[in-house]
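The values are calculated or read from the model by the stated rules, or taken from the named source; none is laboratory data. Quantities reported herein were computed from a predicted structural model and do not represent experimental measurements. Because the Cβ atoms are built from the backbone with ideal geometry, glycine has one as well, and the counts that use them run over all protein chains shown.
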């Protein structure tokens, strides 16, 4: 892997944000609107609080963390779509750029997106609802890292599918991640799921992150087991998906799809 | 005789039951400009795509600088570039930003100096800071050529590079390609539908039809072999023949 090629691809995407208001909106406006709406719902629900310790902490914390996963996925998929829309894949892959460098650049870009979006959501939560996500403690940091990796996994999967099946499946860039939301147990514990769905959720690293977050809030302890499950599953999925992405890339080159995607 | 820089042996590409390129073999020597001629769908672009590694051949071998392409992709592509009228650069970036990204992809040094030089040579100063989406098609072609020349490649693939240029810029572009070829011994594979341009630019011509080489040689040799005085007549003759014979090379 050559860093200059990764940096070149990163700069290509950062140039876009320099003068594109809609792209800036994507990382500021939508997270802001999301948080404001959910914040008011949470305030309303808090009037009926009984057994649950804090609606604000549960819901706003969950929403901020879900946005981490969502933006990490978008960082990869939308970057690929930008290349499809501008019909730039030929320029990229007829250069010495490798698919692994392409993925590395989009992963770094997704971290930049996550940092920006988190900055917005954390500030909105603080000023509108007096909710300081950092009160949850530093123990959240490894869970956040795991959510980013889960986002990458879904991003690599979505990108591989779009590369293979073309713009017909472009909608997956926004939709596929939400298929994982019910089994990520973002806003409710895994125990509320029917047993068969619980088994599926157990295989989802994000579900362990959100379970862990709830344990941090309710017990104040560090849920090592949740973290280990999440890390193990993420490592397994990311390795498998990167291998699969390279295979898809090879299939696309065999079928001549790489030069046709976007046409 | 100069060394063969690009060697293609029995190159075949099938898409399902359709054979786009059918067992072609050729060489391009150092400093040579080889013209690839043929009607639409003859397999010219597919051949270039295989030489650039964006399409995997079904069978056959490609060697560049004596190295098998499939095993030395990175080393080879660092010294190869291309320009095509049909491939655009990101529209939301300025001309200069696109060139900077390209420079990064090829790991170039003296980036500003190189960009200044190529922008001057291709007379792009007035639209250097313009967004690519605001360029005319001729300006867009010049940007694509600037991207290709920026890395000072040893091998250059040009797919109809002057198709949308006005005669003045087209003539300057051809002169620049010839000058760079003369001074750097750059090897060029050139496609065009402009027969006069093909004759002017190419040391040798390969004529492709239905994925097969049906004629190969200098423009004069091909014209003589076909009993024609004009390359355009040769083109029409081949293109209209239902099953053109494969000439011995």
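Within region A:11-30, restricting attention to residues that are within 9 Å of another protein chain (Cβ to nearest Cβ) and modelled with pLDDT of 90 or more, which residue is surrounded by the most Cβ atoms within 10 Å (Cβ to Cβ)?
Among those that are within 9 Å of another protein chain (Cβ to nearest Cβ) and modelled with pLDDT of 90 or more, it is A:12.
The rows are residues; the columns are (1) within 20 Å of the chain's Cα centre (by Cα); (2) on the phi < 0 side of the Ramachandran plot.
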site	(1), (2)
A:127	no, yes
A:130	no, no
A:162	yes, yes
A:177	yes, yes
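Of the residues in region A:209-241, how many are surrounded by fewer than 17 Cβ atoms within 10 Å (Cβ to Cβ) and at pLDDT 95 or above?
Residues in region A:209-241 being surrounded by fewer than 17 Cβ atoms within 10 Å (Cβ to Cβ) and at pLDDT 95 or above: 6 in total.
Can you tell me which residue among B:249, B:182, B:174, B:240 is in contact with a strand residue (DSSP E or B) (Cβ under 8 Å, 6 or more places away or on another chain) and modelled with pLDDT under 90?
B:249
Identify, by number, the condition in (1) under 23 Å from residue B:186 (Cα atoms); (2) within 12 Å of chain A (Cβ to nearest Cβ); (3) in contact with a strand residue (DSSP E or B) (Cβ under 7 Å, 6 or more places away or on another chain) that residue B:55 doesn't meet.
If we test residue B:55 against (1) under 23 Å from residue B:186 (Cα atoms); (2) within 12 Å of chain A (Cβ to nearest Cβ); (3) in contact with a strand residue (DSSP E or B) (Cβ under 7 Å, 6 or more places away or on another chain), just (1) comes out false.
Given the criteria on the phi < 0 side of the Ramachandran plot and touching a helix residue (DSSP H, G or I) at 6+ places or on another chain (Cβ under 8 Å), does residue B:165 qualify?
It is true that residue B:165 is on the phi < 0 side of the Ramachandran plot and touching a helix residue (DSSP H, G or I) at 6+ places or on another chain (Cβ under 8 Å).
Got a sec? Which of B:99, B:34 is at pLDDT 95 or above, under 18 Å from the mean Cα position of the chain (by Cα) and farther than 25 Å from residue A:163 by Cα?
Of the residues listed, the single one that is at pLDDT 95 or above, under 18 Å from the mean Cα position of the chain (by Cα) and farther than 25 Å from residue A:163 by Cα is B:34.
Would you mention how many residues in region A:246-263 are surrounded by fewer than 19 Cβ atoms within 10 Å (Cβ to Cβ) and not in a loop (DSSP other than H, G, I, E, B)?
6
For residue A:206, indicate whether it is more than 16 Å from residue A:73 (Cβ to Cβ), crowded, with 16+ Cβ neighbours inside 10 Å, in contact with a helix residue (DSSP H, G or I) (Cβ under 6 Å, 6 or more places away or on another chain) and at pLDDT 95 or above.
It is false that residue A:206 is more than 16 Å from residue A:73 (Cβ to Cβ), crowded, with 16+ Cβ neighbours inside 10 Å, in contact with a helix residue (DSSP H, G or I) (Cβ under 6 Å, 6 or more places away or on another chain) and at pLDDT 95 or above.
Within region B:164-179, is even one residue within 13 Å of the chain's Cα centre (by Cα) and within 25 Å of residue B:66 (Cβ to Cβ)?
yes
Can you tell me which residue within region A:236-259, out of those that are more than 14 Å from every other protein chain (Cβ to nearest Cβ) and without any contact (Cβ under 8 Å) to a residue 24 or more places away in the chain, is nearest to residue A:99 (Cα to Cα)?
Out of the qualifying residues, it is A:243.
Restricting the search to region A:82-122, which residues are touching a helix residue (DSSP H, G or I) at 6+ places or on another chain (Cβ under 6 Å) and within 13 Å of chain B (Cβ to nearest Cβ)?
A:83, A:89, A:95, A:96, A:97, A:99, A:101, A:105
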